[in-house]
Structures are given as structure tokens and as C-alpha cells.
1. Given the condition touching a strand residue (DSSP E or B) at 6+ places or on another chain (Cβ under 7 Å), hydroxyl-bearing (S, T, Y) and not in a helix (DSSP H, G or I), answer yes or no: does some residue in the range B:222-242 qualify?
2. Restricting attention to the range B:108-166, report how many residues are β-branched (V, I, T) and assigned to a loop (DSSP other than H, G, I, E, B).
3. Take the residues in the range A:35-56 that are out of contact with any Leu (no Cβ under 8 Å at 6 or more places or on another chain) and more than 9 Å from every other protein chain (Cβ to nearest Cβ), then tell me which one is nearest to B:A373 (Cα to Cα).
4. Are there any pairs, at least 6 apart or on different chains, whose C-beta atoms fall under 6 Å, with the first in the range B:23-40 and in contact (Cβ under 8 Å) with a residue 40 or more places away in the chain and the second part of a helix (DSSP H, G or I), and if so, which?
5. Kindly indicate whether any position in the range A:250-260 is away from chain B (no Cβ under 14 Å) and in a helix (DSSP H, G or I).
6. Just the residues that are facing another protein chain (nearest Cβ under 7 Å) and more than 13 Å from B:M1 (Cα to Cα), please, taken from the range B:94-109.
7. So which of B:G8, B:G19 ends up being more than 7 Å from chain A (Cβ to nearest Cβ), over 18 Å from A:D131 (Cβ atoms) and touching an Asp or Glu at 6+ places or on another chain (Cβ under 6 Å)?
8. Go through (1) within 20 Å of B:Q239 (Cβ to Cβ); (2) more than 7 Å from chain A (Cβ to nearest Cβ); (3) charged (D, E, K, R) for B:R79 and report which single condition fails.
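The values are calculated or read from the model by the stated rules, or taken from the named source; none is laboratory data. It should be emphasised that the depicted structure is a prediction, and the values quoted were computed from it without experimental measurement. Here the Cβ is made from the backbone with ideal geometry for all residues, glycine too, and neighbour counts use every protein chain on show.
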There are 2 protein chains.
Amino acid sequence: MRNVAVVGAGMTKFGEMWGQSLRDLALEASLAAVNDAAVHARDLEAVYVGNMSGGGFASQEHVGALLADRLGLQVPAVRLEAACASGSVAFRNAYLAVASGRYDLVLVNGVEKMTDIKTDEASSVLMSAGDDEWESSIGLTFAGQYALLARAHMNKFGTTREQLAAVSVTNHKNAVGNKHAQFPFPVTLDAVMRAPLVADPLRLLDCSPITDGSAAVIIASENIAKRFASPVWILASEQGADTIALHDRTSLTEMQSAKVAGKRAFETAGLAQKDIDVAELHDCFSINEIMNLEDLGFCKKGEGGAFVEQGHVGIDGDLPVNTAGGLKAIGHPVGATGVRQITDIVRQLRGKAANQVKGAKTGLSLNIGGAGATAVVNILSSEMV
Amino acid sequence: MRNVAVVGAGMTKFGEMWGQSLRDLALEASLAAVNDAAVHARDLEAVYVGNMSGGGFASQEHVGALLADRLGLQVPAVRLEAACASGSVAFRNAYLAVASGRYDLVLVNGVEKMTDIKTDEASSVLMSAGDDEWESSIGLTFAGQYALLARAHMNKFGTTREQLAAVSVTNHKNAVGNKHAQFPFPVTLDAVMRAPLVADPLRLLDCSPITDGSAAVIIASENIAKRFASPVWILASEQGADTIALHDRTSLTEMQSAKVAGKRAFETAGLAQKDIDVAELHDCFSINEIMNLEDLGFCKKGEGGAFVEQGHVGIDGDLPVNTAGGLKAIGHPVGATGVRQITDIVRQLRGKAANQVKGAKTGLSLNIGGAGATAVVNILSSEMV
């Protein structure tokens, strides 16, 4: 397998983008990545799109072909889906295609247009990432699933309501000044604690929002990437799995998918947790960032809540996490998030982030699909190892 | 890139499978492929699923994770979508992942469960493969799109209604005795000519049906594949593109996607049209098989109708096409079709097909997405070239 690097990255504003359709968003982010890389769109050899439910949210499937068409390209285009990890599985399969030798320069886009249908309909579409026969058909929602995980974590490890809230407080703080963020403002611990209950123990400010948006990166094979000023190398892109239904798991307080993907990614990259300078974790609900930290081995199982509360994940902590605001404050257009995470890691590794982590050379992203049936861990570095 | 072969293939019966859900179908086909290959499911390293709209047809996205889960596997699983070419893009990306060196043994499944919603709803879901802003939202259907292509072809080249009908007659004849086929019976030219009009000039018996079903293949890297009795080698898997909306095309009588994918596939395989012993073409509507024959260079542009009418594509012709019945008679579970085509080519190249083409060594499949925005051409051979 050949070495592969990210040579361009871009994104749209995330939010309720009433004036932009699915295709508008995907096109804008893609052109931002093209401009950032300073390549010609006509040199792109393939288009990989991560999109969870263009059909459900926007009556549009065949999104890969649609984006290639809008870019004026007649190249192989495909959409990949693994629920909220759709962006990362698109990135990973594009990476494998370039690593295979088949392509040298490929566009990866993640996109979702979620706000054109009613909120209860959007909730149903989202829950189609769960188990239709055993979960969604009897009324379980994603907030409900993560509430079960949160309650189990609290019961087993004594994780507190305040620790959950600390996740949202930290991520919102990081979003201040992020012009791409849906909610670029701080929230207080008190505000999170008093927010309306969505699914006990999760409150409104524990939950990432419904969002329109798109992000894109351009990846290149080693020989091509070396011609660029600041390629960001893909040291590992690994995927893990867990059962789709929660009731099939032996534990509700960990995700096998994240554990396995993380373990493999560290092995492939030849790195350990201490080598990660900055991370993007999947805070779709506050509890998940806590579980992510534990499952990736950044702290011991059960200690994720305290790890956050003690400030380790803050911008000045040992492991700055979600330095641009995370899913909670930037927003979570589900198919876009995995690519957006990489976009923000790339900014950090180039030394160009708004909340720059000084000297950041190596970054990690973890993108979760559903309630953990899919997980993808990417490790990127400004230096080829 | 490494050589890759198909080492196992299987499928469910295609039809209105009221007793089987999306997951049941995908699992049955996958286990059939596992049994055919005589491998252990636990040795599969990844799962690639082609599925157009699990969300739209069956309220179930995250189909890759779902199938892996049902197989008892915790391996990287992903769904790929390119409308009716979803099965082939799953196959192609799995092929690239194995060729890259990342995996040695991978499952590719194609599946669609289409009959649990009303026919008009299914028609809307299908049309989400077109251009939502310019085509589907103003009422164009897939039958309508292909009717436009058929009328253009008739006007420009004098293609006759009888020639369109000859496609269906030939494919239905081939399906007789196919226990997997939705419609394993012959139809007469007269029956096609008198069938109810769907979208002028296309009649009911020009149109592939709405179908439930799944097909699966197992692919392996060269060193692994050589241990199997009859590996079928993937000589080429190439993808082409055309505009998603018909009004953006310079010609309605050809698909750039099929032309480019075909040209690249023949170049990659180092073969010419005369080397193909058996082909699977995309007869979603009768006109499309005629256009496919021309776009792949099996006959001159405009002569596809006569080529079919003269019997060249019959089981005893120079180029037997859709020898198991095609989309028309086997049925067209949209995400499954691309994989089903490969399953039937594999049967032919092993010499085990019901309608066996004597001495068939090299086969081709062409799978079209939408009205041609995506096309994938695979060339397979019983001999490694």
C-alpha cells in the first residue's frame, strides 16, 4: 500500500442553511477544498461522498453522481453510508483506493441536508441507523439509546450529571469565534444542568443539533502529495464494529467498535496515546465523548467523566479535544461530520487553527455510526512516518 | 495492485418475498456465498453492501453494520450506493480494497427489499436516483426517463417497437427453469406488443419489476484465491459517469458512463469485444439493453435493435446476453442487481449455468445507475491473464 496524504480541506458553514440545498452545500465544500489545495477540479480522478440519508432527508439518492455532475466531472463517483460515520467510511475507502494505486488524486465529501423535513421526521430518519426490527419500530430514538448508555455509565462508574455537562461546556467554549459553527457561543454548566430534559439523564445541551452542512478533503498519493506545501499524512484509517442493537451487547459502557478501531489505528501508525497532540471525538451526546476517551485508552474505563471535568481535554490540557467545538457546537450534519473532523485536524496540523494547539504534529479523529455499530479512527500527521 | 478473484457466489430467490425482511435476504445470500466458497464466515475481513435505499424502502440505513452483525462478525462494514449500480460499486470498492493489500477475503452483498411499501411510493424512492430539483420534483419517473431515451433512439435510428419487444422475449426465454427468477416463464412478442402502456413507447413487459432479493460474492487476493478449485478472476472493474439529469446531455441515444467504463475495462483487461463469451447487460427497460450493446461496442451505434432482433444475443448467438433472464425476468432488486449479474457470470465461467454457454471463459457485466449517471463494467475470466 502506498502512502497517502490530505492536500486540501474545506467546509461550509454548519447550521440551518435554508438558502442552500444538498447539492449546493456539497459543491461549496468541495470547491473550498479544491481552492485550498490549489488543484484543478478537472484533475480529480474520483469522488467519494459520505451521506447518511439523502433519500430520507432530501429525497435525493445517487449523491455521488450528483456531486460529480455539479463539479463538471465525469469520473467514478460513489456514496458511502455507515450512519453518522458515513463521512469517515467515505474517507477510508477513498484512502484505500488511492493506497491501492488505482487513483492519485481524489475528492472526499461529506454532506447532509437535514432541516428541510420536520424534526420528528428527522428523528425517524436518524433512527434508521439503529435496528429497525428491534429498536426504532418500537419507538427508541437516538437520544433514548445514548440515555441508556449514559445511565449505565453513571450506575457502574459513578459518572456525574456535572461531568456530562462539562463535555458540552468545553466544546461550546472552543466554538467561540468559529465562523463555521452552528452555535459559536459559550454555555455555562448551570445552563446545561437546567436545560430541558430530552431523554433522562440527557438534556437539550447534551445533544448535538440537527444541522445542514458539508465538508471536503482532497487526498493524494505520496508522489503527488510531496509537491504540496503542507501535506497531512494519513498514518492509519481503521474501522471497528459492534452490534447494531444495544440489547445484543455484553456491556453498555463501552463500544467494541471504538476499542478495536483505536487499537488497530495505534498499531498501524506505530504510535501510542501519548503521541496524540489533538483529537476530534464524537460528542453526538455528551456521554459519548466520555466513552470515546476511555475506549481509545486516553484514560481508564470509568474515568472519562473525571478526565473531562479535570480539564485534560481543554485547549490547554494534555489532550485538547474538539478544539473547534465538536459535534455539539459546530453542529452534526451526520454524513458530513467524519470529513469535518478531518478538516479540523488538518487545520491544527498545519498550525492554522483558530484555537491552535502549539506544535501539534499528530492528530486523531474518532467518528461513530449509530450507537456504536460502526467506528472509524484516523490518525494523521504533518510528518510522514 | 494485486490480482483478485471471486471464490464464492450465491443469491436468494428474487420476487415478492413477503416472509423475508431486508436483513433476512442479505443474510441468506451471504451464507449461500460462504457455503459456495466453503470458507468460514469468521474468516471474512470486511463486508461491503450495495443497497440503494434501505431507508426509503425499509426504514433501515446502516445496512453494512446490520449485515455484519447478523453474520456474527465484528469487521469493517460499509454500504455503498450509486442508485441501481449500488451492487457494482460495492463490488468495485471491495475489489480495490483487496487489490490494495488491506484485505485478503471480503464479502460483497447486494440487497434490496422493495415490496413492503406501495408501488407509487417505491416509484418515488427509485426516482430519488434522478435529479430531485429538476426531474423527480416535477413528476418525471424512471419509466418516463427511459421512454424519452427510447423515443429518441427510435426517431434517430429507426429502432422499432418490435426490436424493443425482442429484448424482453429473449430475456424471458432465458429465465425458464431459473429457480431464482421472479418471472421464470416465456413471453411472446405479441404479449409484449399488447401489454399495457407504462410510458409511451414502453409497455409493461418492457419494464423490469419491483423485486425483493439479495446476491453475494466472496472475493479473495491472488494467493488465497489460488487455493480454491475454480476462482474467477477480476480482469477489470471500471466505472464511468454521465450527467444525472437528461437535459444536461448532448445526446439521449448514448450513455457516456457506459462508453467510458467499457472502453477502460477492455483496455485494463487487454481484451476486445470479440473476446467476451457471455454478458450481463442492464435491461431495466428494454431500450437500455439495446443502448448497452451499442455503447460497449458490441455493435455499431443505432444497430442495437437489429442486433437483438437477429438473435445475436440469444443463448446460441455470438454474444449470449442475460442468459439467466436479466433484470426483466429474474427481477431487479436495485441494490442487488450488480452483484447478481456477477453471480450469474461466475456460474457461466465455472461451466455450471443452467443455460450454459459452451466453453465460456470470459464474461462481462454492465450495471447502470439511474438513467446512466453511473455505469460499472466488470470483466471476469476463468483464467488469470
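1. Yes, the conditions are met somewhere in the range B:222-242.
2. So the answer is 5.
3. Checked the range A:35-56; the qualifying residue nearest to B:A373 (Cα to Cα) is A:H40.
4. Partner pairs satisfying both residue conditions: B:R23/B:L66; B:R23/B:R70; B:A26/B:L67; B:L27/B:R70; B:V34/B:A41.
5. no
6. Residues satisfying the conditions do not exist here.
7. B:G8
8. Among (1) within 20 Å of B:Q239 (Cβ to Cβ); (2) more than 7 Å from chain A (Cβ to nearest Cβ); (3) charged (D, E, K, R), the lone unmet condition for B:R79 is (2).
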